[in-house]
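Everything on this sheet refers to the single structure shown next.
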Amino acid sequence: MKSTEEASQFSVRLPLDIRMRMQKSAKRKGRSLNAEIVTRLNYMLDMEDDGDCTLGDEVFDVETIGNLMDELKRLRSRIEYVCSEQYQHDLADAVINIIKSRF
């Protein structure tokens, strides 16, 4: 973070639930609430600048991030299906069909 001389103090009203979530996140990451807010603001501003987002040393454009989010949604759906009872029934049916086809 910049030195105190370069940073300006600014008051903002946060809804209590957002403040609590930010404090929880800051604590998990070993940061002050202020550092967490500044980090998140910088992250969001980076995403807007030139359509790019930095994550560590990696730079991602907005399209790539969107594609990654779509893939995560597809994977989540597949995981939910594999954990469902329907999957168990479908798997059992497939095994039975394989066994029937061999005999």
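Select from segment 60-86 the residues that are closer than 28 Å to residue 44 by Cβ and of a type in the set (S, T, N, Q) and write down the one among them that is modelled with the highest pLDDT. First the steps, then the outcome.
Of all residues in segment 60-86, those closer than 28 Å to residue 44 by Cβ come to 60-77.
Okay, now just the ones that are also of a type in the set (S, T, N, Q), so 64, 67, 77.
Numbers: 64: 78, 67: 85, 77: 91.
Selected residue: 77.
Among the residues of segment 64-103, which ones are more than 30 Å from residue 48 (Cα to Cα), among the hydroxyl-bearing types (Ser, Thr, Tyr) and surrounded by 10 or more Cβ atoms within 10 Å (Cβ to Cβ)? Steps first, please.
Residues of segment 64-103 that are more than 30 Å from residue 48 (Cα to Cα), as a first pass: 78-103.
In the following step, the residues that additionally are among the hydroxyl-bearing types (Ser, Thr, Tyr) were identified as 81, 84, 87, 101.
Across segment 64-103, the qualifying residues are 81, 84, 87.
The values are calculated or read from the model by the stated rules, or taken from the named source; none is laboratory data. Predicted, not measured: the structure shown is a model, and the values here were computed from it. When we count neighbours, we look across all protein chains shown, and the Cβ atoms used for this are built from the backbone with ideal geometry, even at glycine.
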